[in-house]
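J.: Below is one structure. I have some questions about it.
Just so you know, all these numbers are worked out from the coordinates, no wet-lab data involved. Please read these numbers as outputs of a predicted model, since none were measured by experiment. Glycine gets a Cβ as well: all are built from the backbone with ideal geometry, and neighbour counts include every protein chain shown.
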Amino acid sequence: MVKPGQPRPRRPQGRWSPVQLSPVILTVVIAGLAYATPPDMAFSRILPAAPALAAAMWPVLPTVALGTVCFLLMIGLSLVFPGLGAWYTVAGIVAVTVAAAYGSHVRLQREQSLFQVRLVADAAQQVVLSPMPRRFGAVEIESLYLAAAAEARIGGDFYEVADTPYGVRLLIGDVRGKGLPAVGTAAAVVNSFREAAYDEPDLAGIARRLEASSTRYNSAFPPDDLAERFSTAVLVEIPPEDNRVRILNCGHPPPLLLNRDGVRVLSPTDPSPLLNLASLIGDCYSTDTFVFTPADQLLLYTDGVTEARDRTGAFFPLTDWMRRRTTPQRPRDLLDGLHRDLLSYSNGGLDDDIAALAVGFRDDPGGGHGLTGRTQH
C-alpha cells in the first residue's frame, strides 16, 4: 500500500519508457521528414501534435519545454525554406503548447485526487480485508481477493478469520450490490464477526449477531430498498484437537472439500436465512458437521469464482477444477493456481469481485471423513 508522503503515482522515475518518450520521438520524426522532403509536402504543419501528446503523460514544465523546441524547429525551417509559410504553424505551436500546459496541470491535479482516493480505499481494505494469518496450530489458511475493476481496491466481498477459545472460526461472504454502500455493509458484518466470534458459543449465535449488525446498518437506507440489501455468508468453525468442521451457510455458494476420495460439495442440509432477511423468512439457523483428515483442503469462495465466464459465456467449472487437483497442495499453491486459471479462463475480463479462502489441515487429529451430524438452533 502506498503511504502518505510518497511520490505521486505515474511520475517517471529513472529511465523513461518508450511510451513516455513518444512525444520526443514524434518531434524528431516530424522534423526529419520536414527537412528531408520538399516544402510542398508540409510535414512541419503537424509539429503541434508533439506538445499535445506530451500533455497526456508529462508534467507542465517538460511539456512547455517540448513546445519551445518545436517553436525553434519551426523557426529554423522557415529560414531553410523561406516560402514555407511557417508563421501560421508557429502560431499553432504556441496556442497548442499553452493549451497542453493547462491540460497537463489539470491532469496532474486529477491524478493527485485519485491518489488520495486510493489511500482511503487502501485504508478501507485494511478494515474489511485485514492481513490474513497463515497458521493456527494444525490449520493453515490463505486468502485471495481480486477486484473486477482494474483500478478498484475493494468491493462487496469480505472474509475474516479468528482464533477463538471455541476453535478457528472463518467468515466469507458477499454483499449484494456495489459501491460504497456495499463496502459499508461488508465492514459492518466483518466488525460484528470480530466481536461475536470470541463471545458466542455456537455459529448460530454469531449468525444472529451478524444479522442484527446488518439490519442496523441498512436501516439508514430507504425502506423500499431493504429487501434488495442483503448479504450471503458462510461461517466455519474448526474446533481445537478435533477432526470436525462445522459449517453454517446463509445462502452462500457451498464450500468444497478436497480429500483422498475426490471433491465433496458441502451443501447445507437446511439453508439458513440470508443476512438482513431473517425478519422476512425466519431466523432458524442450521449447522452441518463434517469430518476431515490430514492433507484435506477446504475451499471457501464467493460467487464471482463460479460466475467467471469464458468467451462463449460458459461459467468457470470450479468443482471440476478442484477435482483435477490430484496431488496435495498447500493452501497458497491452491489459490495461486485458482488465480492463474481464473484469469486465463476469463481472458482477464472478470465480471465480479472474487474472494476465496483455502484451508489446509496438516496434522492428523483423529482420522475419518464425511458427514457426522447436523444440529439446529
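J.: Report the full-extension gain for the segment D303 to R340: residue separation times 0.36 nm, less the Cα-Cα distance, to one decimal in nm.
T.: Value of the extension gain: 11.6 nm.
J.: Turning to a different aspect of this structure: With the Cα gyration tensor of segment 22-122 in hand, convert its eigenvalues to equivalent ellipsoid semi-axes via √(5λ) and list them largest first in whole Å.
T.: 34, 12, 8
J.: Would you work out the relative contact order for segment 22-122, in percent, from Cα pairs under 8 angstrom that are 6 or more residues apart?
T.: 29 percent
J.: In addition: Would you tally the net charge around D341, using a Cβ to Cβ cut-off of less than 12 Å, leaving D341 out, and scoring K and R as +1, D and E as -1?
T.: Result for the neighbourhood of D341: 0.
J.: Quick check on the exposure proxy: order Y145, Y88 from fewest to most C-beta atoms within 10 angstrom.
T.: Y88, Y145
J.: Dividing the convex hull volume of the alpha carbon atoms of segment 129-376 by its residue count, what do you get in Å³ per residue?
T.: Here the figure is 120 Å³ per residue.
J.: Could you bin all the Cα-Cα distances of segment 273-348 into 5 Å bins starting at 0 and give me the percent of pairs in each, rounded to whole numbers?
T.: Values per bin, smallest distances first: 3, 11, 19, 17, 14, 13, 13, 9, 2, 0.
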